[in-house]
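Working notes for the structure below.
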Amino acid sequence: MRLSDLINDIKITKVSTMVLKGEDPHGLGGVPRKWHFIVVKVETNNGLCGYGECPHWQRGYFGVRETISYIGDRIIGSSPFDVKKIVEEHFNGARPPHQPRSLPATILPVGPIVWAMSGIEMALLDIMGKQAGLPVYALLGGKFRSKVPVYLDRSGPTDVANLDEWKRLANETIDSGYTKFKFDIDYVAPDLVSDVWSRSIDRKHMLEIAKRLGAAREAAGPDAEISVDCHMHYDLVSSLELSRMLDTIGISWLEDPVPVMDICTLADIREKSNVPICAGEMYTYDLAKLAINAKAVDILHPDVLFAGGLHETKKICELANANGLPVAFHNNSTALGFTATAHLGVSVANILASEYHFYDADWSKKWVNRSNGMDLISNGYIELDDTPGLGVELNEEVCRELLVTGEKYIG
């Protein structure tokens, strides 16, 4: 049988989901939190299946799971090898007389349609790799490297006023083998915020941010690559003052200083900033193109879960590279999405590092089994081998422990 015939004979037969939940002992500001996420399973008529991960925003209130069901119903009978056509149809639509009738992402290709497609596309690529006997990175054009540097999101300690706690957190991170990590500016000195609605940082607050981050820098040493995240909270003036202050400490990048859609202000900040500006975790390709054309970023920061999947994120990476810009991956996923992101990371030339949020949550690394017993992260890197597909399978025991009440295991 010819390969083309084999590809055409494979059809999607089922798309199913389950919601898992785990405790993250060190969330924003070092405070514990519950983390919910969606696992997508796509099955085919030849017995193959693939897995993907999606965000479960606000425990389901943003409609991601319902959108997965909508897309899933539409793609039954399609070939998983038509993954790019499937993405294009749901983001941008097809002209009549295409059937079924195709509306471009309910007119706006952002939000739930993109977040849902991210997990579906991940699962389709997993199937394609398994069928072809190739790792997903080979389907993306091959690899530049075998492993991707990881940077940890440490947010901050709970006792923010205690400088020894900042030193301890930095030391623990370095001692664990990570030389790249990030703190959250909005959680560095929240005890000094007098007006939660103001986007300005007053002088006393700014000096305390400098003191606390300075303590972390002192403990980490001069070679550690420390970045900071603003979570889109600040205005132009305070962002520029932050950049001047951070320059004296030695910061790798200032992330998301202003609201995500305010690309004009971001461009003004980037033009005058003392440190590199990093943004893009919620960007689709079109938003990334706008930001690059506006010269609003020094470092693109896409997230596979929010950009529409690996192919769409790869487009952002290649556009950045064509404009002389590096990328770092924001990563709102646990082990499965993080591994998928690594397949993209080895396949692009201009990668700096890939983020991991859930270092302290052991379950986040163990609800899937990686090929050949590989750890998720080792010595500050995530490494890939040549196992077909994404190189992961569900760990049934851990998944069942994490199942949200009322959910059914889909493995």
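Overview of results
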{"quantity": "Selection from region 352-368 of residues that are buried (at least 23 other Cβ atoms within 10 Å of the Cβ) and within 19 Å of residue 226 (Cα to Cα)", "calculated": "353, 354, 355, 356, 357, 358"}
{"quantity": "Considering residues of region 294-318 that are within 9 Å of the chain's Cα centre (by Cα) and free of Cβ contacts under 8 Å to residues at least 60 places away in the same chain only, the residue farthest from residue 40 (Cα to Cα)", "calculated": "301"}
{"quantity": "One residue from 286, 303 being on the phi < 0 side of the Ramachandran plot, out of contact with any strand residue (DSSP E or B) (no Cβ under 8 Å at 6 or more places or on another chain) and of a type outside the set (S, T, N, Q)", "calculated": "286"}
{"quantity": "Positions within region 313-353 being of a type in the set (Gly, Ala, Ser) and closer than 16 Å to residue 380 by Cβ, in sequence order", "calculated": "328, 342, 345, 353"}
{"quantity": "Residue that is β-branched (Val, Ile, Thr) and under 19 Å from residue 330 (Cα atoms), where the choices are 226, 174, 249, 209", "calculated": "226"}
{"quantity": "Hey, residue 178 touching a residue at least 60 places away in the same chain (Cβ under 8 Å), part of a loop (DSSP other than H, G, I, E, B), touching a strand residue (DSSP E or B) at 6+ places or on another chain (Cβ under 6 Å) and not β-branched (Val, Ile, Thr) or not", "calculated": "yes"}
{"quantity": "Selection within region 28-54 - more than 21 Å from residue 391 (Cα to Cα) and buried (at least 19 other Cβ atoms within 10 Å of the Cβ)", "calculated": "30, 35"}
{"quantity": "In region 138-160, residue surrounded by the most Cβ atoms within 10 Å (Cβ to Cβ) [restricted to those that are more than 23 Å from residue 254 (Cβ to Cβ) and more than 24 Å from the chain's Cα centre (by Cα)]", "calculated": "158"}
{"quantity": "Qualifying residue in region 303-310 (condition: crowded, with 20+ Cβ neighbours inside 10 Å and either out of contact with any helix residue (DSSP H, G or I) (no Cβ under 7 Å at 6 or more places or on another chain) or within 25 Å of residue 198 (Cβ to Cβ) (or both))", "calculated": "yes"}
{"quantity": "Residue that is nearest to residue 168 (Cα to Cα), among those in region 200-216 that are free of Cβ contacts under 8 Å to residues at least 24 places away in the same chain and assigned to a helix (DSSP H, G or I)", "calculated": "208"}
{"quantity": "Residue 142 farther than 22 Å from residue 43 by Cα and modelled with pLDDT under 95", "calculated": "no"}
{"quantity": "Conditions (1) at pLDDT 95 or above; (2) surrounded by fewer than 18 Cβ atoms within 10 Å (Cβ to Cβ); number of the one not met by residue 194", "calculated": "(1)"}
{"quantity": "Hits in region 148-174 (condition: among the aliphatic types (A, V, I, L, M) and in contact with a strand residue (DSSP E or B) (Cβ under 9 Å, 6 or more places away or on another chain))", "calculated": "148, 150, 152, 169, 170, 174"}
{"quantity": "Top-ranked residue of region 75-100 - restricted to ones that are more than 26 Å from the chain's Cα centre (by Cα) and under 20 Å from residue 12 (Cβ atoms), ranked as surrounded by the fewest Cβ atoms within 10 Å (Cβ to Cβ)", "calculated": "99"}
{"quantity": "Candidates 146, 155, 239, filtered to the one that is over 22 Å from residue 333 (Cβ atoms) and in contact with a helix residue (DSSP H, G or I) (Cβ under 9 Å, 6 or more places away or on another chain)", "calculated": "239"}
{"quantity": "The one condition in (1) touching an Asp or Glu at 6+ places or on another chain (Cβ under 8 Å); (2) modelled with pLDDT under 95; (3) not in a helix (DSSP H, G or I) that residue 101 fails to fulfil", "calculated": "(1)"}
{"quantity": "Among (1) in contact with a strand residue (DSSP E or B) (Cβ under 9 Å, 6 or more places away or on another chain); (2) part of a helix (DSSP H, G or I); (3) of a type in the set (A, V, I, L, M); (4) surrounded by fewer than 22 Cβ atoms within 10 Å (Cβ to Cβ), the one test that residue 219 misses", "calculated": "(1)"}
{"quantity": "Wholly within region 4-56, strands (runs of 3 or more DSSP E) carrying at least 2 residues that are farther than 25 Å from residue 281 by Cα and hydroxyl-bearing (Ser, Thr, Tyr)", "calculated": "12-24"}
{"quantity": "Strands (runs of 3 or more DSSP E) wholly inside region 272-391 containing at least 1 residues that are among the hydroxyl-bearing types (Ser, Thr, Tyr)", "calculated": "351-356, 381-383"}
{"quantity": "Condition met for residue 88 (more than 26 Å from residue 408 (Cβ to Cβ) and at pLDDT below 95)", "calculated": "yes"}
{"quantity": "Residue match in region 229-236 (condition: buried (at least 22 other Cβ atoms within 10 Å of the Cβ) and assigned to a loop (DSSP other than H, G, I, E, B))", "calculated": "yes"}
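Let's see how each residue does on (1) modelled with pLDDT of 95 or more; (2) more than 18 Å from residue 130 (Cα to Cα):
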residue: 342; (1), (2): yes, no
residue: 359; (1), (2): no, yes
residue: 363; (1), (2): yes, yes
residue: 368; (1), (2): yes, no
residue: 375; (1), (2): yes, yes
residue: 383; (1), (2): yes, yes
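The values are calculated or read from the model by the stated rules, or taken from the named source; none is laboratory data. Note that the structure is predicted; figures quoted are calculated from it, not measured. Backbone-built Cβ (ideal geometry, glycine too); neighbour counts: all protein chains shown.
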